[in-house]
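All remarks here apply to the structure that follows.
The values are calculated or read from the model by the stated rules, or taken from the named source; none is laboratory data. Bear in mind that the values here come from a model prediction, so they are computed numbers and not experimental data. Neighbour counts run over all protein chains shown; Cβ positions are idealised from the backbone, glycine included.
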Amino acid sequence: MQRIIVATDGSSGANRAVDTAATLAKTSGADLVILTIGGNITGAELRELAGASGDLSKTLQEAANKVLGQARKRALRIGVRTVKLQTGWGDPAETIIDTVRRGKADMLVVGRRGRGRLSGLLLGSVSQKLATLAPCVVVIVP
Ligand SMILES: Nc1ncnc2c1ncn2[C@@H]1O[C@H](COP(=O)(O)OP(=O)(O)O)[C@@H](O)[C@H]1O
Ligand SMILES: [Mg+2]
């Protein structure tokens, strides 16, 4: 196991995925890459954030940085030595798969659910697509 990618949208489900990925990276000695696909915020959040800077691309990058920064803290607390942070843009599932391919990751870790509000679903739409289409081992954390 050389490279583990964990994808996070900042949700509690994704936080559990970060903790699992960090533990796996620590015990296996693999590199850990924390990935977020930006732009996944509500209109209200966008208005609130954009009010501060007025620059949309900067606002979205800042929102992504916040998600990544919090995830890095969790991973470091668990004892991973090196953590790489990455932001992607576009359709979350497609962009995550693309990043896994380019980064030659051996394992992808995601939460079962994310920030979505369709609470009846057992699996979120992103985790469902990844489970089906990702070109590597996928770990789905409940
Ligand atoms: N924008 C995103 N960037 C990175 N990872 C994501 C993103 N959206 C979802 N994920 C990953 O997929 C998991 C499941 O989320 P998702 O399928 O979107 O469920 P929901 O429908 O509940 O939002 C999350 O816990 C996270 O690991
Ligand atoms: Mg979602």
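Here L49 fulfils each of the conditions (1) crowded, with 17+ Cβ neighbours inside 10 Å; (2) within 16 Å of ligand 1 (Cβ to nearest atom); (3) at pLDDT 90 or above apart from (3).
Annotation note: Cβ proximity below 7 Å between a residue of segment 13-32 that is farther than 12 Å from D106 by Cα and a residue that is assigned to a helix (DSSP H, G or I) and among the aliphatic types (A, V, I, L, M) (sequence gap 6+ or interchain) occurs for V18/A71; V18/A75; D19/I78; A22/A75; A22/I78; T23/I78; K26/I78.
Any residue at all in segment 10-23 that's assigned to a loop (DSSP other than H, G, I, E, B) and of a type in the set (A, V, I, L, M)? Scanning segment 10-23, I find no residue that is assigned to a loop (DSSP other than H, G, I, E, B) and of a type in the set (A, V, I, L, M), so the answer is no. The number of residues in segment 117-129 that are under 21 Å from A105 (Cα atoms), within 7 Å of ligand 1 (Cβ to nearest atom) and touching a residue at least 12 places away in the same chain (Cβ under 8 Å) comes to 2. Can we say A105 is outside any helix (DSSP H, G or I), crowded, with 19+ Cβ neighbours inside 10 Å, away from ligand 2 (no atom under 16 Å from the Cβ) and at negative phi? Against the criterion (outside any helix (DSSP H, G or I), crowded, with 19+ Cβ neighbours inside 10 Å, away from ligand 2 (no atom under 16 Å from the Cβ) and at negative phi), A105 qualifies. In segment 40-61, is there at least one residue being under 12 Å from the mean Cα position of the chain (by Cα) and more than 16 Å from ligand 2 (Cβ to nearest atom)? Among the residues of segment 40-61, not one is under 12 Å from the mean Cα position of the chain (by Cα) and more than 16 Å from ligand 2 (Cβ to nearest atom), which makes the answer no. Residues being of a type outside the set (S, T, Y), surrounded by fewer than 24 Cβ atoms within 10 Å (Cβ to Cβ) and not in a strand (DSSP E or B): count how many of those fall in segment 24-42. Of the residues in segment 24-42, 8 are of a type outside the set (S, T, Y), surrounded by fewer than 24 Cβ atoms within 10 Å (Cβ to Cβ) and not in a strand (DSSP E or B). Could you please let me know if I78 is aliphatic (A, V, I, L, M), away from ligand 2 (no atom under 16 Å from the Cβ), over 17 Å from G39 (Cβ atoms) and touching a helix residue (DSSP H, G or I) at 6+ places or on another chain (Cβ under 9 Å)? For I78, the condition - aliphatic (A, V, I, L, M), away from ligand 2 (no atom under 16 Å from the Cβ), over 17 Å from G39 (Cβ atoms) and touching a helix residue (DSSP H, G or I) at 6+ places or on another chain (Cβ under 9 Å) - is met. Determine, yes or no, whether V100 is crowded, with 18+ Cβ neighbours inside 10 Å, touching a residue at least 60 places away in the same chain (Cβ under 8 Å), away from ligand 2 (no atom under 16 Å from the Cβ) and among the hydrophobic types (A, V, I, L, M, F, W, C). Criteria met by V100.
All conditions in (1) within 14 Å of ligand 1 (Cβ to nearest atom); (2) within 15 Å of G88 (Cα to Cα); (3) part of a helix (DSSP H, G or I); (4) not hydroxyl-bearing (S, T, Y) hold for Q70, with the sole exception of (2).
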